[in-house]
Amino acid sequence: MTEVVRSEAENERRLEALKPIQEKLDELEKKIETNQLEGTKKLLQVEIEYKNKRKALLEEKNKLWTEMNPDLWVQSVVSCSSIANMCTAKDEELLANLINVSTTLAAGSSPGSAVRRATLTFKPNSLIKEEQLWIEVDLSIGDTAKLSVVTSGFTPLQTAKKAQKAADSKKRKRQASDFGLFSLFKSDADAETCAEFVNLLEEIELNGPAVALEESEEDEE
């Protein structure tokens, strides 16, 4: 096999001849990227529209399921292995007071962004002050793609015995470390983990109640 040896001048001429082709390829690549970005934004708008239409149906359906099984949301959440793996004993104690899971999807503050919000509602309990905890995940797409999270925060309540020992605010703050899963509602929570948690709650709101109801009926048998 004879190896073709080109001179430096020949290589330069060849590269110069290929330059218009490369420029055309770069131009097409940019157009494809723009098309893909526009398509993603359009799909996001459609997703927001139809999930909002579905929301009222979900609320009505889940209300009926809750009447059939008052522990429906507790069972739905704790049966999710990804969530269960994040739970401490104190998380499980708080989850026992869970009475509703709700998620929403809305357009974000900038074009091509969306805000996913998950809200957990609890009956009055001796563990936290708030009756609702929420996480908002703002995801923007495109060249400035970024993920940001805002949370409700939460206030752990102290028993009378613990209150006597909590002589300063530092000890009060350390109580939050007893929580694993619910530490996601703190202001310094990891954004990606929060986003994953919101996605799981969205799936639970959609499908979890049916699974929990089936498990409940199997236990009764």
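Structure summary
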quantity	calculated
Cβ charges +1 (Lys, Arg) and -1 (Asp, Glu), total dipole of segment 1-78, debye	460 debye
Solvent exposure ordering (accessible area, 1.4 Å, most first) of T104, T66	T104, T66
Rg in Å to one decimal, and Dmax rounded to a whole Å, for segment 24-86 via C-alpha atoms	20.6, 63
Span per principal axis, largest first, for the Cα atoms of segment 1-155 (Å)	83, 35, 32
Net lengthening on full extension, D26/E93 (0.36 nm per residue, minus Cα-Cα)	18.4 nm
Computed FRET value (nearest 0.05) for A191 with L157, which takes r as the C-beta separation and R₀ as 25 Å	0.35
R0 of 35 Å, Cβ-Cβ distance L15-T40: FRET efficiency to nearest 0.05	0.45
Probe 1.4 Å - accessible area at V150, Å² to nearest ten	80 Å²
Heavy-atom SASA rank of F154, F122 (probe 1.4 Å, accessible area, largest first)	F154, F122
Over 25 Å (Cα to Cα) - which of K42/K146; K53/K146; K51/K90; K90/K129; K31/K55; K123/K186 fall in this group	K53/K146; K51/K90; K31/K55
Karplus (6.51, -1.76, 1.60) ³J(HN,Hα), θ = phi - 60°, over segment 25-38, in Hz, Gly and Pro reported as x	4, 4, 5, 5, 4, 5, 5, 5, 4, 5, 4, 5, 5, 4
Accessible area in the full protein assembly, largest first, 1.4 Å probe, for I32, I83	I32, I83
Summed side-chain charge close to E196 - residues other than E196 whose Cβ falls under 13 Å, Lys, Arg +1, Asp, Glu -1	-3
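The values are calculated or read from the model by the stated rules, or taken from the named source; none is laboratory data. Owing to the predicted nature of the structure, the values given are computational and were not obtained by experimental measurement. Positions of Cβ are generated from backbone atoms using ideal geometry, with glycine treated the same way; all protein chains shown enter the neighbour counts. Surface accessibility is based on the protein's heavy atoms, side chains included, excluding ligands, DNA and RNA. Shrake-Rupley method; radii C 1.70, N 1.55, O 1.52, S 1.80 Å.
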